[in-house]
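A short write-up of the structure that comes next.
All of the numbers you see were taken from the coordinates with simple rules; none came from a lab. Owing to the predicted nature of the structure, the values given are computational and were not obtained by experimental measurement. Cβ: placed from backbone, ideal geometry, glycine included. Neighbour counts: every protein chain shown.
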Ligand SMILES: [Mg+2]
């Protein structure tokens with residue numbers, strides 16, 4: 001365990017690791033305090049795109065964990081960075097929440113529902129049939145289709161709900177155009193995370209609850225991986241994947 005605390009940078013998934021919906025998971029608060037007490041750089045890296053870093057900071061604060069907004073990196077920020085680096089000052093039709101729209105706006109992307117360069121799909125309660133029709137039309141007319149993250153489903157307080165990939169697939173099917181996904185396990189997001197932490201991959205560790213995003217992202221980026229069983233993955237599920245995490249713990253409580 002001491003070896004893990006020797007790591008120089010910590011990338012931490014949120015849902016299923018730190019909290020379930022609005023319920024803080026046991027050990028999360030002590031874990032963050034240990035990192036802070038030891039001056040360890042850490043970054044919460046989440047595929048959810050609906051909240052801004054400041055909103056995530058306030059959500060953790062309500063649960064008793066206090067850290068600055070620059071400790072959060074979301075698939076919304078990663079998508080905005082990707083789109084603005086591909087095509088600076090471009091335009092987009094967006095299906096998503098304030099966290100995504102704000103991130104794109106801050107990166108200089110202009111909202112456009114007539115002839116945008118991109119159609120960008122995130123998650124949230126504002127997705128509707130009318131917007132989906134518009135998105136299909138725009139993609140058929142040449143707009144590039146981008147998804148914030150490739151999760152098919154996500155956890156909620158009311159059980160499993162469709163996530164970005166499930167929401168974008170009707171647009172892919174109706175247009176014949178496959179979307180490009182930016183969030184984990186895309187190495188784009190991991191590289192930016194390491195850069196924000198200021199550490200090399202071999203000095204970092206990623207802690208997550210999903211094999212097909214967190215763990216594969218770590219493996220493919222050369223980062224040591226910790227799977228916690230407090231989220232969507234049970235011990236029996238691990239053998240269904242052709243790869244393994246380096247460490248497995250019941251929850252974040254057991255990491256240090
Ligand atoms: Mg998770």
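Observations on the structure shown:
- Extension gain for residue 58 to residue 173 (0.36 nm times residue separation, less C-alpha to C-alpha distance): 37.6 nm.
- Distance between the C-alpha centres of the range 119-170 and the range 51-95: 18 Å, rounded to the whole angstrom.
- Computed from Cα positions, the angle between helix 164-175 and the longest principal axis of the chain comes to roughly 30 degrees.
- Residue 5-residue 203 pseudo-label distance in nm [points 7 Å out on the Cα-to-Cβ vector]: 1.9 nm
- Sorting 120-131, 152-163, 54-65 by their mean Cβ neighbour count within 10 Å, with the most densely packed peptide first, gives 120-131, 54-65, 152-163.
- Antiparallel content of DSSP bridges confined to the range 131-256, in %, to 5: 30 percent
- Full extension of the chain segment joining residue 180 with residue 129 gains 16.2 nm, where the gain is 0.36 nm per residue of separation less the Cα-Cα distance.
- R0 of 51 Å, Cβ-Cβ distance residue 250-residue 137: FRET efficiency to nearest 0.05: 0.60
- Modelled FRET efficiency - R0 22 Å, residue 20 with residue 243, Cβ distances, 0.05 increments: 0.30
- Legend: calculated FRET efficiency, residue 236 to residue 38, from the Cβ-Cβ distance at R0 = 25 Å, rounded to 0.05, equals 0.15.
- Report summary: the helix-based calculation at 222 nm, which adds -39500 (n - 2.57) for every DSSP H run with n ≥ 4 and divides by the residues of the chain, gives -9500 deg cm²/dmol.
- Under Stokes-Einstein, with the Kirkwood radius over Cα pairs as Rh, the value for the range 101-230 at 37 °C and 0.692 mPa s is 201 µm²/s.
- Tilt relative to the chain, helix 129-140 - C-alpha long axis, 0 to 90 degrees, to 10: 70 degrees
- Whole-number percent relative contact order across the chain, with pairs defined as alpha carbons under 8 Å at least 6 apart: 22 percent
- By DSSP, the beta bridges lying fully in the range 1-147 are antiparallel in about 10 percent of cases.
- Relative contact order %, the range 118-256, counting alpha carbon pairs below 8 Å whose residues are six or more apart: 16 percent
- Euclidean distance between Cα centres, the range 5-28 to the range 188-256, Å: 11 Å
- Fully extending the segment from residue 157 to residue 67, taken as 0.36 nm per residue of separation minus the present Cα-Cα distance, adds 30.0 nm.
- Most simply put, the chain has about 15% antiparallel DSSP beta bridges, counting only bridges with both residues inside it.
- Counting only alpha carbon atoms, the long axis of helix 53-62 and the longest principal axis of the chain meet at about 40°.
- Inverting the pair-averaged 1/r between distinct Cα atoms of the chain gives 18.6 Å as its Kirkwood hydrodynamic radius.
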